Amino acid sequence: MTDEASKPAATGGLALRSRKGASRLVQYVLLQAVIAALCIVVLRLPLPEPPAQYRVVDFTLSDRDTTRTVALPDFLDTQFSVDEPAASYAGHFIWSTREAGRAWSVYLPRFTNGVAVLVNGVEILDSRRDPDANRPDRATPEIALIPASLLHDGSNDLVIRLYVWGPISGYLAPLFVGPDDALRPACETRTLIFVTLPMVFAAWRGILAVILAIMWAMRRHEPAYGALAAAMALGASQAFLQTTVDDPRHPHLNAALIASGPLESGFVLAFGILFFTRRWPRVLGALIFVPGMLLALIALFGTPQAVREYSVILGLPAVGVHLALLALIVAWSEIRRQDVPGLLLGCAVTIVLTSFVHDILSVAQIIPDHRLFFTRLSYSAMLVAIGAGLTWRFARALNRVDGFAAHLAIRLREAEEKLKASFAREQERERTAALARERTRLMRDLHDGLGGQLVSIVALSERGEAGGIGEAARAALKDLRLVIDSMDDIGGDLMLALGSWRDRVAAQLRPHNIALDWHAVPPGLPVYPELRPWHVIQIVRILDEAVTNAVKHAGAKRIAVSIETLKDDTGEPRGAITITDDGKGIAPADDAADGRRKTGRGLANMQNRAARCGAALDLISGSDGTRVRLKLPRRFPDGDAAAG
Amino acid sequence: MTPSSDAPADRDITILLVEDDPPTLWRLNDALVGAGFDVVAAATLGEARASLETRAPRVLLTDLQLPDGHGIELIREMRRRSPDTEIMVISALGDEETVVSAITVGATGYILKDAFPTDIAATVRELVAGHSPISASIARFIVRRTQAHAEPPPGPELNTAKLTPREIDILWGIAKGFSYAEIADNLGMSRQTVPGHIKSIYRKLEVHTRGEAVFEAVQQGLIRL
């Protein structure tokens, strides 16, 4: 029954989940396609150019032995060394003396790898001295003022020497010669986009690298932060390291630079794996870093030529594979559980991937090639976005912790108040119960003693037996005194209660001419902080009973009361009260059946009272007297077991 | 405990007995007359005052709750008019407060209503001989007021500041049921001096009319009884 019922539900749930997953996949892919399309549109947007009238495109190219006419842009496949120009482009521009008041410049928007510019045979610019311009991944523009003394009316010679050292082929974009103020704005825009912006991103990444490294150091169980910090640090240092023209002199620097791309993308992929899957595949994980390490080794020990070749055939595919894997992981994670950071990262990866494909196609000259590379730029932006997003997430987590702490404090206060209230209630209840118990005991004590005695008085007076009335009334008064006396706060000092008792006993014995030997060994009895009035009543009643027995039944002439503190077996002080008389003994010696029964009941009563107080009573009676010894407990019991 | 030889004979001791409850009055009167004292009985404050006009007694023995006033007033008048008269109050049970209140206006002794006749006579005789009686409960009542309490215990205000540490030790001893001899041995003093100390304690607890404010305050405290 349950199996049949649960099966369709399970398959139904599965189908629902897969359907949901499929729809999510479609949504995700569509979104990424839109983003890629937008990205392509943005990439194809034309950059601002100076007025076309200053454009110089027609040149005579001297490439070693051959000479031919070319129109810029021109690609030059041959590769040479840094020091030797690959080719020399000779052209002309017109300058008239009417322009004498304005400064003229030569503006080269884009070239690879290096240029030297000569006007009328005099060199005015060598880009190889500008480290930024030596990096093929940065589309650094160059602009150079032409000294006015070089210019002459009419046609002027312009020679561009192009230096090519790879890894990509030589390139020279259409250049401009004209008034400086007409050319410079376009140059500034390109500088901003292709030089300044990457530096800003790099600085930002440096800061994030520090933040993430600290975060990782504090939270070692989250290596994702460490991987991202490594990627950031690598990227930041790469941006600030400069390529030298004569690379063999700094092989380590060169190696680091060339390996940085694949290593960095490897770290980003590692971050993606750790962050989204929370697992680290040991073998495959190590493979991620193989291309980067290989490149570094080649850069350290190989020839410059080999380095350039391998950085293209090994480095670029590695970066591409890393990006593609990252895109897949993010997409997979996003379809499984949708969340904002994942979606943002997915879009960022799509942008970077689109830029990367665009750049590769552009280098391969499959699409029109302007030698403008956007991969690193978009990738820097992506890393900054990730870093900022993580920091934001971290701050939000901190806020949540704060909120949680505040919430906890509120809950704690609430709980505390509740507890206080319940404690107060409990205390009140306890107090009421204690009062009720106390009242019950007082009632019972009054009833036990006073009530019975008053009833006896009534009975005696009705029978006209005046003789017994006095005795009964005295007993009633004595008992009333005892009850009132026990209500007084004696602070646990039983001696204070016994002091009053002594007065009463002395008054009781005087008419009978019985001597009272009171022997208290200072300091008397220990103090019992837990002593309650009902304990006092029980103890005094026991003592009263003992004295009454001695007077009425034993016919004693002398009663001795001894109060002392003894040491028990464990060395603890224990109070003891002993009443000794010189009478003829009670119980067995008493020949009157009625008297025996009475004393028997009295003895049982005494034992009972002693037990209720936790005290031990032992009674030795013989023909030469009786000794009643009451050993007080170490601690008086709180509850009254016999009270019910 | 026996009266000293220079003590006056019982028949020379005049007693003014003021008690409104007839059986109690008979009982006390019988006990005192039986012992040979010269007793004048009064049932009200008015009768007592009328009796005082003719003669000041050696001993005033008065109840406190009287039909036409409070025994405290009578004690005050007596202290003023005849400082040598010994004043005792008649105490019911469990009213240490009443006794101590009477002490603060000048009483130096008390008698329990249900005391045996021989005890009643003996107490008067001892008081005349200069020995103030004191029970364990009275001692306890006084001594508890010498202790520092967060809130003062109920009952009349009692200025115990004048009591010496020795006197307080004696009170503790009495409250705990030790005999005068045991107290004296324990405190390293002569046994004969203990009763004198007790009289001195009573005197120190008496509030003399130093100022109306104190007097009124005490009176307020007493009237509330």
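The values are calculated or read from the model by the stated rules, or taken from the named source; none is laboratory data. Note that this is a predicted model, so its numbers are computed, not measured. Cβ atoms come from the backbone with ideal geometry, glycine included; neighbour counts cover every protein chain shown.
Values as computed for the structure displayed
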{"item": "Test: residue in region A:455-464 that is under 30 Å from A:Arg502 (Cβ atoms) and free of Cβ contacts under 8 Å to residues at least 12 places away in the same chain", "result": "yes"}
{"item": "Residue selected from region A:70-116 under the condition of a type in the set (Val, Ile, Thr) and surrounded by fewer than 20 Cβ atoms within 10 Å (Cβ to Cβ), by the criterion modelled with the highest pLDDT", "result": "A:Ile94"}
{"item": "So A:Ile577, is it at pLDDT 85 or above and either assigned to a helix (DSSP H, G or I) or under 60 Å from the mean Cα position of the chain (by Cα) (or both)", "result": "no"}
{"item": "Any hit, region A:517-529, residues being within 28 Å of A:Val455 (Cα to Cα) and either more than 10 Å from chain B (Cβ to nearest Cβ) or not charged (D, E, K, R) (or both)", "result": "no"}
{"item": "Tabulated pairs, region B:17-37, first within 23 Å of B:His70 (Cβ to Cβ), second basic (Lys, Arg), C-beta under 6 angstrom, 6+ apart or interchain", "result": "B:Thr24/B:Lys113"}
{"item": "Qualifying residue in region A:409-430 (condition: over 60 Å from the mean Cα position of the chain (by Cα) and either of a type in the set (Ser, Thr, Tyr) or within 30 Å of A:His535 (Cβ to Cβ) (or both))", "result": "no"}
{"item": "Unmet criterion (only one of (1) part of a helix (DSSP H, G or I); (2) more than 24 Å from A:Leu477 (Cβ to Cβ)) for B:Ile142", "result": "(2)"}
{"item": "Among (1) out of contact with any strand residue (DSSP E or B) (no Cβ under 6 Å at 6 or more places or on another chain); (2) outside any helix (DSSP H, G or I) - the single one B:Pro133 does not satisfy", "result": "(1)"}
{"item": "Test for A:Leu446: is it without any contact (Cβ under 8 Å) to a residue 40 or more places away in the chain and either exposed (fewer than 15 other Cβ atoms within 10 Å of the Cβ) or under 24 Å from A:Gly614 (Cα atoms) (or both)", "result": "yes"}
{"item": "Test set (1) in the same structural domain as A:Gly235 (by TED's automatic domain parsing); (2) closer than 30 Å to A:Ile539 by Cα - A:His358 fails condition number", "result": "(2)"}
{"item": "Failed item in (1) surrounded by fewer than 24 Cβ atoms within 10 Å (Cβ to Cβ); (2) free of Cβ contacts under 8 Å to residues at least 60 places away in the same chain, with B:Gly130 passing the rest", "result": "(2)"}
{"item": "Some residue of region A:443-452 being basic (Lys, Arg) and within 60 Å of the chain's Cα centre (by Cα)", "result": "no"}
{"item": "Test: A:Ala395 is hydrophobic (A, V, I, L, M, F, W, C) and either under 15 Å from the mean Cα position of the chain (by Cα) or assigned by TED's automatic domain parsing to the domain that holds A:Gly226 (or both)", "result": "yes"}
{"item": "Subset of region A:489-500 that is more than 7 Å from chain B (Cβ to nearest Cβ) and either without any contact (Cβ under 8 Å) to a residue 60 or more places away in the chain or part of a loop (DSSP other than H, G, I, E, B) (or both) - its residue that is farthest from the chain's Cα centre (by Cα)", "result": "A:Ala497"}
{"item": "Selection from region A:144-177 of residues that are farther than 21 Å from A:Leu61 by Cβ, at pLDDT 90 or above and crowded, with 20+ Cβ neighbours inside 10 Å", "result": "A:Ile146"}
{"item": "A:Thr67, sole failed condition from (1) surrounded by 13 or more Cβ atoms within 10 Å (Cβ to Cβ); (2) farther than 30 Å from A:Phe356 by Cα; (3) free of Cβ contacts under 8 Å to residues at least 60 places away in the same chain; (4) not small (Gly, Ala, Ser)", "result": "(1)"}
{"item": "Residue satisfying condition, being modelled with pLDDT of 85 or more, away from chain A (no Cβ under 14 Å) and within 30 Å of A:Gly491 (Cα to Cα), within set B:Ile90, B:Ile103", "result": "B:Ile90"}
{"item": "Hits in region A:524-560 (condition: among the β-branched types (Val, Ile, Thr) and crowded, with 21+ Cβ neighbours inside 10 Å)", "result": "A:Val536, A:Ile537, A:Ile539, A:Val540, A:Ile542, A:Val547, A:Ile559"}
{"item": "A:Arg510 vs. criteria within 14 Å of chain B (Cβ to nearest Cβ) and charged (D, E, K, R)", "result": "yes"}
{"item": "Any hit, region A:523-546, residues being closer than 20 Å to A:Asp582 by Cα, at pLDDT below 90 and part of a strand (DSSP E or B)", "result": "no"}
{"item": "Some residue of region A:122-135 being over 17 Å from A:Tyr163 (Cβ atoms) and outside the structural domain of A:Arg308 (by TED's automatic domain parsing)", "result": "yes"}
{"item": "Single condition B:Ala121 does not satisfy, out of (1) at pLDDT below 85; (2) within 14 Å of another protein chain (Cβ to nearest Cβ)", "result": "(1)"}
